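Student: Can you keep this structure in mind? I'll have questions shortly.
What follows draws every value from the coordinates through simple rules; no lab data is involved. Here the structure is a predicted model, which means the values were calculated and not measured. When we count neighbours, we look across all protein chains shown, and the Cβ atoms used for this are built from the backbone with ideal geometry, even at glycine.
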Amino acid sequence: MTETTTSLTRADMSPAFNGLKFGGEYSVGGVAGNLTANSGYSVGASYEYGPFKVAGAYEYFKNPTSATAGSGFFTDNASGASPLAFSLNSGYKSAQSFQNAVVAANYKIGALTLAASYSNIQYGHLNGELLGGTARFNNFDVGAQYQFSPYFFAGIMYNYLNGRGVSTTSGATIGGQHYNQIGLMANYFLSKRTDVYWTIGWQRASGISSTGAPAVADIGNYGDSSNNHQILIRAALRHRF
């Protein structure tokens, strides 16, 4: 086993055994009066056989949100900024647990690579008007990439995200939201360390968001759209030092 440690987090990654790798990580957390608060763990494994690759992972965090900067999975920086800032999941800040399970696979046929993934995300033990319920998201991805030359490749993807609603004390249901997204990308290498890339994505939202308002589009957590659709275009020159 190859061992790495960072602060109070322990991670172990195995060497490959006939194409199989696995690993795990544990963060002890702990605050005054509660030794397991802010604790978390993750496990994962991957397998490769010829042109086929598959991987899976699971992570769990207790007390993922916190009003204190630097405390909690979603507030782990000095300013206390949280990725729960937008309507997709901002209504779930009272969650006492967070978990994410994902499985992904790809298959290479010559210059063509086909890929698919599924993930299940849960914000558990929601407090206040959400009656201790659990908000669940199911996320599906499919895509393809083609290597036109050693220097140029392009790809296409489709993503569907489905949020299952949570009942409130008033009898309403929030979080029953759906997102459909398509994306295109292209990448050209000018040298071993320098490349240019271009991406475009389009998303359409429907249903009711975690805040109880109509769902709006939000590609990549860059910010809520003013309506239920959004287009994101990016072009960049990248150099690796």
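Student: Quick one: compute the contact order of the chain, relative version, from alpha carbon pairs under 8 angstrom and 6+ residues apart, as a percent.
Tutor: Details: 631 pairs, mean separation 25.4, N = 241.
Normalised by residue count, the contact order of the chain is 11 percent.
Student: Enumerate the calculated ³J(HN,Hα) couplings along segment 91-102 in order (Karplus 6.51 cos²θ - 1.76 cosθ + 1.60, θ = phi - 60°), each rounded to whole Hz, writing x wherever the residue is Gly or Pro.
Tutor: Whole-Hz 3J(HN,Hα) from phi for segment 91-102: x, 10, 5, 7, 4, 9, 8, 9, 9, 9, 10, 9.
Student: What number do you get for segment 113-241 when its Cα radius of gyration is normalised by 2.2 N^0.38 Å, N = residues?
Tutor: Numbers: Rg = 18.6 Å, N = 129, 2.2 N^0.38 = 13.9 Å.
So the Cα radius of gyration is 1.33 times the expected 2.2 N^0.38 Å.
Student: Also: I'm a student and want to see the number: the projected area of the Cα convex hull of the chain, averaged over all directions, in nm². Mind dumping the intermediate values first?
Tutor: Numbers: hull surface 62.0 nm².
The directionally averaged projection comes out at 15.5 nm².
Student: Something else about it: Among the lysines, which have Cα under 27 Å from the Cα of Lys53 when same-chain residues fewer than 8 positions away are ignored?
Tutor: Counting by Cα, and skipping residues close in sequence, Lys53 has these lysines nearby: Lys21, Lys108, Lys192.
Student: Right, another one. Hey, fewest Cβ within 10 Å first, where do Phe52, Phe61, Phe22 land in order?
Tutor: Details: Phe52 12, Phe61 22, Phe22 16.
Ordered by Cβ neighbours within 10 Å, fewest first: Phe52, Phe22, Phe61.
Student: Name the residue farthest towards the positive end of the dipole of segment 83-239 from the options Leu237, Val166, His125, assuming +1 on Cβ of Lys and Arg, -1 on Cβ of Asp and Glu, about the Cα centre.
Tutor: Highest projection toward the positive end goes to Leu237.
Student: Oh, and also: Which shape class, rounded, prolate or oblate, goes with segment 73-184 when its Cα gyration tensor gives a ≥ b ≥ c as root eigenvalues, a/c under 1.5 marks rounded, and past that a/b bigger than b/c marks prolate?
Tutor: Values: a/c = 2.95, a/b = 2.17, b/c = 1.36.
In terms of gyration-tensor shape, prolate.
Student: If amide H atoms are built 1.01 Å from N in the plane of the peptide, which residues on other chains or at least 5 residues away come under 5 Å of the amide H of Ala215?
Tutor: Gly207, Ile208, Ser209
Student: When the C-alpha atoms of segment 115-172 are aligned to their principal axes, what extent does each axis show, in angstrom, from largest down?
Tutor: Per principal axis, max minus min of the Cα coordinates gives 58, 17, 14 Å.
Student: Given R₀ = 25 Å, FRET efficiency for His239-Tyr146 by Cβ-Cβ distance, to 0.05? Could the numbers behind the result be given before it?
Tutor: On the way: r = 25 Å, r/R0 = 0.99.
After rounding to 0.05, the efficiency reads 0.50.
Student: Residue by residue, what Karplus-based ³J(HN,Hα) values in Hz, rounded to whole numbers, does segment 42-47 have, using 6.51, -1.76 and 1.60 with θ = phi - 60° and x for Gly and Pro?
Tutor: 8, 9, x, 8, 9, 9
Student: I would also like to ask the following. Taking springs between alpha-carbon atoms closer than 10 angstrom, which of Phe86, Phe140, Phe148 fluctuates most in the Gaussian network model of the chain?
Tutor: Phe148
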